[in-house]
Amino acid sequence: MTTITLDKTKRIKTLNHIAEVGLAIFNEEDYTIDNEANDPDAIVVRSYPMHNMAFGGNLKAIARAGAGVNNIPVDTCSNQGIVVFNTPGANANAVKELVLTSIMASSRNLFNGVDWVKDLKGKGEEVPQLVEQGKKQFVGREAKGKKLGVIGLGAIGAMVANDALNLDMDVIGFDPYISVDTAWELSRNIKRAMSLGDVFEQADFITIHVPLTNETAGMLNREAFEQMKPGVHILNFSRGGLVDEDALEVALEKGRVGKYITDFPNDRLLHMENAITLPHLGASTIESEENCARMATRQVRDFLETGNIKNA
Ligand code: MLT
């Protein structure tokens, strides 16, 4: 007599570190976290680039523990019937806090000032005097009263806008997917929702919170920089590709853009003093990693259990 054992175990592969509280959702008999699996039922990923990966015939879902899905070949997945989930909003607070920190840090020259003081290492007792002589170069501006232009009024953009009002900033906004009137309705606290051109022309600080798509790629380009107030500070915690980096380099060299603060390292900007690059830290808080992991793993489990697609 032949005994047939049906293997009902669902194998989940993770391609990045995923917070334990999220993985715990899989800790049931039917699920195995198997990061060596060639043909898992589902993949949970953060920023691992998946465009060149071949997917096994068993793969049913990919969940990104984050908002953007541009590290995942979404079209290929759709053609192969693989559902792609993301976790919009789950890391919004973490990103918002870093954006607001960076607005103040850039206007007070904090990043460059800290580097400059570090370079005084070894100057011994001269340090206090050198600091007194040198600190003039880091005199900053206050955020209060300055105009903040928020491009993209989704979960993160709206939170940034609302909290910037508490810093007494004058907040204006634009969203490429919703009309100015709807943006106004959705983000009641934003004083004025206006056209993109108006935001470029009026803002002292511009922060961009739109996904990277064919329509938004290179949205901040030479024409945009030319419309902006000379010396504007630009914050990009969304995706590097939203900015035309050739044009940005020129605008930074000329001082047309006073500072560019980005979460997306790019070798060509690293030598520029007025380009501040963070190592993709926007969503890197314990709280955000846990929120994203929980949301991503629940989506996968519910889908594998019931076929329900929530937020795909
Ligand atoms: C996002 O798209 O939300 C972030 O890239 C998440 C992350 O930092 O992993």
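Each reported figure results from applying straightforward, stated rules to the coordinates on display, with no laboratory input. All of these numbers come straight from a predicted model, not from anything done at the bench. So basically every Cβ, Gly included, is an ideal-geometry build from the backbone, and we count neighbours across all protein chains shown.
Stretched out fully, how many nm does the piece from ASN16 to ARG268 gain, at 0.36 nm a residue minus the Cα gap?
Stretched out fully, the ASN16 to ARG268 stretch lengthens by 88.0 nm.
Is the shape of region 190-270 rounded, prolate or oblate, going by the alpha carbon gyration tensor and its root eigenvalues a ≥ b ≥ c, with a/c under 1.5 for rounded and a/b larger than b/c for prolate?
Because a/c hits 1.5 or more and a/b fails to exceed b/c, region 190-270 counts as oblate.
So what are the ³J(HN,Hα) numbers for region 290-303, from phi and the Karplus equation (6.51, -1.76, 1.60; θ = phi - 60°), rounded to whole Hz, Gly and Pro as x?
Coupling constants for region 290-303: 5, 4, 5, 5, 4, 5, 5, 6, 5, 4, 5, 4, 4, 5 Hz.
Pick out, from LEU235, PHE26, ALA63, the residue whose Cα sits farthest towards the positive end of the charge dipole of the chain, with +1 on the Cβ of Lys and Arg and -1 on the Cβ of Asp and Glu.
After comparing all options, I get LEU235.
Run the simple label-point estimate for VAL127 and MET104 please: 7 Å along Cα→C-beta, distance reported in nm.
Distance between the two pseudo-spin positions: 2.5 nm.
Once phi is turned into ³J(HN,Hα) by the Karplus curve 6.51 cos²θ - 1.76 cosθ + 1.60 with θ = phi - 60°, what whole-Hz value does each residue of region 107-116 show in order, with x for glycine and proline?
6, 9, 6, 5, 4, 5, x, 5, 4, 5
Go through ALA54, ILE261, VAL127 and say which Cα lies farthest out towards the positive end of the charge dipole of the chain; charges sit on Cβ, +1 for Lys and Arg, -1 for Asp and Glu.
VAL127
So which residue, out of ILE103, ILE261, ILE25, gets the largest mean-square fluctuation from a GNM of the chain using Cα contacts under 10 Å as springs?
ILE25
Of the listed pairs LYS96/LYS147; LYS96/LYS259; LYS96/LYS144; LYS135/LYS259; LYS96/LYS136; LYS10/LYS310, which have alpha-carbon separations greater than 21 Å here?
LYS96/LYS136
Give me the net charge of VAL300's neighbourhood, meaning all other residues with Cβ under 13 Å from the Cβ of VAL300; Lys, Arg count +1, Asp, Glu -1.
+4
Given only helices, namely DSSP H runs of n ≥ 4 each adding -39500 (n - 2.57), what is the per-residue ellipticity at 222 nm of the chain, to the nearest 500 deg cm²/dmol?
So the calculated ellipticity at 222 nm is -10000 deg cm²/dmol.
Percent relative contact order of the chain, based on C-alpha pairs within less than 8 angstrom and at least six residues apart?
19
Of PHE303, GLY282, LEU100, whose Cα points farthest to the positive end of the dipole of the chain (charges on the beta-carbon: +1 Lys, Arg; -1 Asp, Glu; origin at the Cα centre)?
The one lying farthest along the dipole's positive direction is LEU100.
If you take the square roots of the eigenvalues of the alpha-carbon gyration tensor of region 66-203 and sort them as a ≥ b ≥ c, do you get rounded (a/c under 1.5), prolate (a/b over b/c) or oblate?
Oblate shape, in that a/c is at least 1.5 and b/c is the bigger or equal ratio.
Assign unit charges at the C-beta atoms only (+1 for Lys and Arg, -1 for Asp and Glu), then state the dipole size of the chain relative to its Cα centre in Debye, rounded to the nearest 20.
Computed charge dipole of the chain: roughly 480 debye.
Compute the Cα gyration tensor for the chain, then decide on rounded, prolate or oblate, letting a ≥ b ≥ c be the square roots of its eigenvalues: rounded whenever a/c is under 1.5, prolate when a/b is larger than b/c in the other cases, and oblate in all that remain.
Since a/c reaches 1.5 and a/b is larger than b/c, the shape of the chain is classed as prolate.
Using the Cα centre as the reference, give the magnitude of the dipole from point charges on the C-beta atoms of region 226-312 (Lys, Arg: +1; Asp, Glu: -1; all else neutral), rounded to the nearest 20 debye.
Roughly 260 debye for region 226-312.
Using 1/(1 + (r/R0)^6) with R0 = 25 angstrom and r between the beta carbons of LYS118 and GLU142, what's the FRET efficiency to the nearest 0.05?
The calculated FRET efficiency here is 0.50.
What does the charge count near VAL99 come to, summing +1 for each Lys or Arg and -1 for each Asp or Glu among other residues with Cβ under 13 Å from its Cβ?
Residues near VAL99 contribute -2 overall.
What does a probe at SER47 reach in region 231-245, counting residues whose amide N is under 15 Å from the point 7 Å along Cα→Cβ?
236-242
Let me have the relative contact order for region 92-277, percent, based on Cα pairs under 8 Å that are six or more residues apart.
18
Assign unit charges at the C-beta atoms only (+1 for Lys and Arg, -1 for Asp and Glu), then state the dipole size of region 92-277 relative to its Cα centre in Debye, rounded to the nearest 20.
Here the size comes out at about 480 debye.
How many angstrom lie between the C-alpha centres of region 29-101 and region 221-242?
Between the Cα centre of region 29-101 and that of region 221-242, the gap is 29 Å.
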